[in-house]
Each structure stands twice: as structure tokens, then as C-alpha cells.
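Please see the structure below; I have some questions.
The values are calculated or read from the model by the stated rules, or taken from the named source; none is laboratory data. Everything quoted here is computed from the prediction, not taken from an experiment. Here Cβ is always computed from backbone atoms with ideal geometry, including for glycine, and neighbour counts include all displayed protein chains. All accessible areas refer to the heavy atoms of the entire protein, side chains included, with ligands and DNA or RNA removed. Shrake-Rupley method; radii C 1.70, N 1.55, O 1.52, S 1.80 Å.
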Amino acid sequence: MKKDAGFIVIYLILMPLFLSFFGIAVLPIEKFGPPALLGIISIVAMIIGFRFGKRPQAKTFYGRYLPIYTPLLLTVFLAAVGMIISKGFFGHQVWAIFVFTLFPFLPNSFISAMMGQFIYTFAVPFAYYLFFLIGYIVSERRTNSKVTISKLNLFAGIGTIILLLAVIGSIHIERSKHILPPSYGFDYGNGFSSVELEPYYVTNPNNILPKLQKPASFSVETQSEMPILDGAEAAYPVYAAFANATYIDIKNKNALPTGEEIVSFTNTIYAFERLVSGEVDIFFGAQPSASQQSLAESRGKELVLTPIGKEAFVFFVNEKNPVESLSSEHIKSIYSGKISNWNEVGGEDNKIMAFQRPADSGSQTIMEKFMGDTPLMPALKEEVAGMGDVMEEVARYRNYNNSIGYSFRFFTTGMNPNEKIKLISLDGVEPSPENIASGKYPYVVNLYAITVKDNPKKSVQPMLEWMQGPEGQKLLEEVGYIPLQ
């Protein structure tokens, strides 16, 4: 009995621990890592189970099969309980019980969570114990000392596993209607930006920022007097071009503070908080959201919105989508959930996957304004692995054939071009520069330079006036926005 217990510890604890460490090297391999890991674990587990089944075992059915079947049952049972309690959200603390109960697979669970491949936290131990059991059964049934297996025990064992898997699968399917698998891809700017911003850095000697043919009529020489700029990602090339033209010696990387600190980017949400807290002098973006306005009021700050350019709020779909134009009412019906299939607006028979943006982002604020009194339906979400945690966030746009999304025209066509999407006309009007400038396109918004009224820095107001003048407007137009006049 002690010998059998020793082999069980080796085969059901130590070997999984070894394979789990092995998974750290295999799992991160792009595309081929996860299926390769499952394949290797399944084959190894079956071989080990087959070898274990040849050894002299206990003489009773339960003595032989219960120690081999229990780990598989425990794995599926804990996963089912976790799915029920968490409703399929892997960030719920109940999954800690699953992870630490199956401690031989801790290394695998850790790397799976870090990669956002949460399914492998369950799939790896399930595959190991399942194929170990299969290998064991095949081997044990070939021995002369095989025990009798009643049909009742067989059906009960298999049926229990299938029932628990059905529970797991049904919850996962229901959740997948609203929660997408994690998206992958490199995030620039320490995770704040979604495109490469280095071509627009003022400290980059090879930057692609537009430049004036002669020195700007407004300039700031002293770094302490240079307004600190921050804002929305789509506005970064604009305010970087302004600083590049007016901040003397801004390219000096050895200066303190550095150019990247003076012309910074921390995205719309953090940048606005920095404006209100006094860390930033000028914020660039769309009009503030209601919660951002409330934040400023709670801090006793009066916002000053200076329009510096025009931009179209646009909607886009996959290039293969036959729909070319939607009315404002169509958009509102889609994003409120009243229209859910493309065939209701002249497209193919496909469910509409309507993507949104995070709350308080510039484009989401404008979308809420666009919707007016029509409520937005809950946004599609995805699970994202953070600093040792799992969070639910608004899902990034994915260019499926049935997708629709929205943004600002410059970000979509100039800063982050994608040949596989197409901008659709709104109320029959194409979002062309001519239609935006003339006001024909039905949804044109202002790009603002936002400041707080009590900012003591004397260079702020002259810089705002320069932005609205001919030199600032020329740079803005060359970046890709529409000037005020």
C-alpha cells in the first residue's frame, strides 16, 4: 500500500509539477505553444498512466480506480464551481481555490494568467489527469488481474464528468455572447497608447512632424515656462507639432525635464486628471465627459475650452461589409440594441458586433453625446491580465466581418490607418475633408485645447492664441485635421 501511495505521489503530483515547469518554456511560443503543450502533456500522461496500470494494484475496483479518477473529478468539479460562482470571470477570487488546490500546476497557472491564456489554467490539469486515466484503463484492462467494472460505475463516472463539463461549457457560451477572448498585440507608451508614437516625439531627430518654413512668431525659451502638454492619443501629433515649432531646444534629451515630460502622453483619462491636479497646463482632446467636468468642479477648477480645429466623428466597418451608409437613427438603434442584424440595414444576415470605447475616453464621450437620450447598450468586454490580476475592460475593436466601431477620422485614416476597414457615410454624407470643412458632414466636433482658469503660467494664453492663428492652424492642417476657418 505504501509503495502504491508513493507511485501515486510521483505520477499525480511530481510529474505534473515537472510538466508544468516545462510548460513555461512551451506555452509562450506564439500560435504553436498552447496546442503543443496540450499535445505533449496528453501523450506523456497517457504513457505514464499506461506504465502505472501494469504494476500490481489493489484487488478491489475502488482501490484501483478511485485514486486515479479522483484528481480528474476534482479538477472538473472545482472548475464547475468556479464557473458558477464567478459566472465565468477568471478574475474572481474563487479561482484562487482552484489554482492552489491543483498546486502541481502552479507554474502553468502563473504563466497562463500572465499571458491572458486563462483557459489553460484548466485545460492543462484536465488533459493530464484525463489521459493519465485513459492510459491507466487501457493498461489495467490488459492485465490478468484486471478487476470487474460494473456498468453502473462506468456510466456514473463518465456521466459525472460530462455533466460538470456541460455546466462549464454552458456558462462559457453564455458569457462569450458579451465577453470576448483577450486581445493580443503590443501596446506602446507603457500600455497607454495603441500605436507607435515615436515618429511624433519632439526629441526624435527624424520625427515626421510638420514644420514651419520660418521661426514661429511665438516661442518659449525657458523650460520652466514651457506649458506642459498632454491629451488624447489622436491629438498627440498636433500638440507635439506645436511644441516642436515653439519650444526652443526642446529636442535636447539631456535637459531636465526631458522633452517627453514636457510634451507627454498618458491618454485621455489620465491626462485630464493631470490637468485638474495641476501637473499639466494644456490638455488636448474632445470636450470633457460629464464625470470629468464633475471632477474639475470637485477640485474647484474652472475649465476653459479653446477650439483649435475640427474633426469628424466617424463610424467604420469591415471592408467586406456591403453596407456603405447608415443614418443617425440606424446607428442609435444599433448601439441601443434595437437593431441586432446587418440585414435590417441592408447588409447580410449576420449578427452585428458593435464595439464601444472605454468610459471617459474622447470618442466615448462624443458617442454618448451622439446618442442623446437613447441609452447605450452594455459594451462588449474582454478579460485583461494586469499586474497579477485579471480585469474586465471594454473590448478593443476587432475587425470581424460583422463589426462596427467609431473613432475620429484622423486617428482612423491618418495616425492608425487600416486598409481592412472602411468609413461609412452618415446620413448619406461621406466624411471627406471637404464635407467636414463645409459642415455638410452631420457630425463634426471640435478639437480643444483645455486649460484651467487659474493657471499662473504666463505663456499659456499666448500659446493658445498662437494655436488659433495662421501658423498654428497651418501645422494642424498639415497633421491631418481640419482648421477652424
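Sort the stretch 340-485 into rounded, prolate or oblate with this rule: let a ≥ b ≥ c be the square roots of the eigenvalues of the Cα gyration tensor; rounded if a/c is under 1.5, and if a/c is not under 1.5, prolate when a/b is larger than b/c, oblate otherwise.
Judged from the Cα gyration tensor, the stretch 340-485 comes out oblate (a/c at least 1.5, b/c at or above a/b).
Got a sec? What order do V44, V280 fall in by accessible area at 1.4 Å, biggest, i.e. largest, first?
Values: V44 40, V280 5 Å².
Accessible-area ranking of V44, V280, largest first: V44, V280.
What accessible area per residue, rounded to a whole number of Å², is obtained for the chain using a probe radius of 1.4 Å? Mind showing how you got there, number by number?
Numbers: 24140 Å² over 485 residues.
Normalised by residue count, the accessible surface of the chain is 50 Å².
Round to a whole number: what % of the accessible area of the chain belongs to carbon and sulfur, probe 1.4 Å?
Result for the chain: 59 percent of the exposed heavy-atom area is carbon or sulfur.
Per residue of the stretch 138-154, what does 6.51 cos²θ - 1.76 cosθ + 1.60 with θ = phi - 60° give for ³J(HN,Hα)? Whole Hz please, x for Gly and Pro, Karplus curve as stated.
4, 6, 5, 6, 8, 7, 6, 9, 4, 8, 7, 10, 6, 4, 4, 5, 5
Between I29 and H172, what is 0.36 nm times their sequence separation minus the Cα-Cα distance? Round to one decimal in nm.
48.9 nm
Kindly count the pairs of lysines across the stretch 1-151 whose alpha carbons are less than 24 Å apart, treating pairs on different chains or eight or more residues apart as eligible.
Taking the Cα cut-off of 24 Å, the pair count is 10.
As an exercise, identify the GluC sites (Glu not before Pro) in the stretch 315-393 lying in DSSP coil whose Cβ has no more than 16 other Cβ atoms within 10 Å.
E319, E324, E348
Would you pull out the residues with amide H under 5 Å of L447's amide H, same chain only if 5 or more places away, H placed 1.01 Å from N?
Those lying under 5 Å, H to H, from L447 are I308, G309, K310, E311.
Taking every DSSP beta bridge that has both residues in the chain, what percent is antiparallel when rounded to the nearest 5?
Counting DSSP beta bridges with both partners in the chain, the antiparallel share is about 70 percent.
Which of [x] 53; [y] 38; [z] 35 is the computed percent of Cα pairs over 33 Å apart for the structure on display?
Correct label, based on the coordinates given: [x].
Pairs K301/K381; K310/K351; K211/K440; K177/K420: which are spaced more than 26 Å apart, C-alpha to C-alpha?
Where the Cα-Cα span goes over 26 Å, the pairs concerned are K301/K381; K310/K351; K211/K440.
Here's a follow-up. Taking the full set of protein chains and a 1.4 angstrom probe, give the accessible area of T306 in square angstrom, rounded to the nearest 10.
20
Skipping prolines and chain starts, which residues have an amide H placed within reach, meaning under 5 Å, of the one on E279, given they are 5 or more residues away or on another chain?
Distant-sequence amide H within range of E279: zero hits.
A further question on this structure: For S325, which sequence-distant residues (separation of 5 or more, or a different chain) have an amide H within less than 5 Å of its own amide H, given hydrogens modelled in the peptide plane?
Amide H to amide H, under 5 Å and 5 or more residues apart or across chains, S325 pairs with S425.
Each residue of the stretch 94-110 in order: what ³J(HN,Hα) in whole Hz does its phi give by Karplus 6.51 cos²θ - 1.76 cosθ + 1.60, θ = phi - 60°, with x for Gly and Pro?
Per-residue couplings from phi come out as 5, 6, 5, 5, 4, 5, 7, 5, 8, 4, x, 9, 4, x, 5, 4, 5 Hz.
Based on the Cβ-Cβ distance of S438 and K458, what FRET efficiency does E = 1/(1 + (r/R0)^6) give at R0 = 35 Å, to the nearest 0.05? Numbers along the way, then the final one.
On the way: r = 38 Å, r/R0 = 1.08.
So the FRET efficiency works out to roughly 0.40.
So, taking all protein chains as they sit and a 1.4 Å probe, how much accessible area belongs to V384, in Å² rounded to tens?
Using a 1.4 Å probe on the heavy atoms, I get roughly 40 Å².
Also, quick follow-up: At a probe radius of 1.4 Å, what is the per-residue accessible area of L17, in Å² to the nearest 10?
About 60 Å², rounded to the nearest 10.
Indicate the gyration tensor shape class of the stretch 281-427 (rounded, prolate or oblate), computed on the Cα atoms with a ≥ b ≥ c the square roots of the eigenvalues: a/c under 1.5 is rounded; otherwise a/b larger than b/c is prolate and the rest oblate.
Prolate, because a/c is 1.5 or more and a/b exceeds b/c.
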